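Below: the structure, in structure tokens.
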Amino acid sequence: MIEEEAQGTMKNSRKSKRTQGDPISDDQVAAYTQAQPLAFRTICELLGELIDRALPKATSKVWHGSPVWFIDDNPVVGYNATAKAVNLLFWNGQAFDEAGLKPVGKYRAAQATFGDAAEIDPKVIRRWLKKAKSDVFDSNTFFKKLRKRK
């Protein structure tokens, strides 16, 4: 089932709703994905398609070197390829209470790591994305308050 869904997703891939038709953003995210080795490119394409479908009103761009989707100027989800895997990061992922997401950093982020596209369960990713859409970490306000305390 995962492979069938991944194959169906791949056929429709990369005609996405990036930054509301911004060709520069489209090009940046597509270029990032295309620059990955084939196995990781497949993972990035599948994750990008799942994110685009689940967050149709989100904007995306390459931010700090990786594709990131934003809701109201707040980063919500993104992915990045490393030498060994592709990490799917949720800025408020620790609030989701999901065993498949591991805490990252000292704030609220959590991530899942994929070494192969077969490890991706689209149903699980959609559940996480639904939570991400309804529980957005207001990073702008959070960090503004944090800077004022210092």
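Taken together, the values in this text are just the output of simple stated rules run on the coordinates, not laboratory data. What you see is a predicted model; the values in this text were computed from it and never measured. Ideal geometry is used to build each Cβ from the backbone, glycine not excepted, and the neighbour counts take in all protein chains shown.
Details
- As a proxy for reagent exposure, 51, 120 were ordered by neighbouring Cβ count within 10 angstrom, fewest first; the result is 120, 51.
- Measuring between alpha carbons in the structure, the pairs from 84/133; 57/84; 57/144; 57/130; 84/131 lying more than 22 angstrom apart are 84/133; 57/84; 57/144; 84/131.
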